[in-house]
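Working notes, structure below.
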Amino acid sequence: MPETLFYHLERRALEEVLPGLMEKSRARGWKALIRADTADRADAIDTLLWTYDDQSFLPHAQLGDGDAARQPVLITVEDGNPNAAEIMFFVGGAQPGDWASLNDLSRIVMLFDGRDAAALSSARTAWKDAKAAGHDVTYWKESSSGKFEKQN
């Protein structure tokens, strides 16, 4: 059963947090999949990962751009795991269609904006669904320094 982490964004925006999480995932040797809620958000993430740091290169693609199976970071709005990712990120309120279908992953990360009531509600539903499916869920909150700290 994959470890399922809920990251509550309160101080920083997704655009400030996601590139660093992608770099950490790649440093572990993991392939990553980012599931966005809309095609517009997927496009924005694609642009972000190309432009977030002039000194870094994070190879990635959107589903439909080249061979999905070869992509170390794949962005999609579709269900499935076409690049055989070890870690899957859900952003913008995207939700798994079936939590049981994610059991082959090492980690699942749900990123949600704590300043958005709809995002909070969606995250609460996802938490309940993940627990009901038997996932080991943990809740991470930004500290005043901007680091994520596990909450009990």
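Just so it is clear, none of the values below were taken in a lab; they were calculated from the coordinates. Owing to the predicted nature of the structure, the values given are computational and were not obtained by experimental measurement. Cβ atoms come from the backbone with ideal geometry, glycine included; neighbour counts cover every protein chain shown.
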_In Å, descending, principal axis extents of the Cα set of the chain_ = 39, 35, 29
_For the range 100-152: rounded, prolate or oblate by the Cα gyration tensor [a/c cutoff 1.5]_ = oblate
*asked:* I need the chymotrypsin sites (Phe, Trp or Tyr not before Pro) found in the range 40-110, filtered to DSSP loop residues with at most 13 other beta carbons within 10 Å of theirs.
replied: PHE57
*Computed [θ] at 222 nm, deg cm²/dmol, the chain (DSSP H ≥ 4; -39,500 (n - 2.57); rounded to nearest 500)*: -9000 deg cm²/dmol
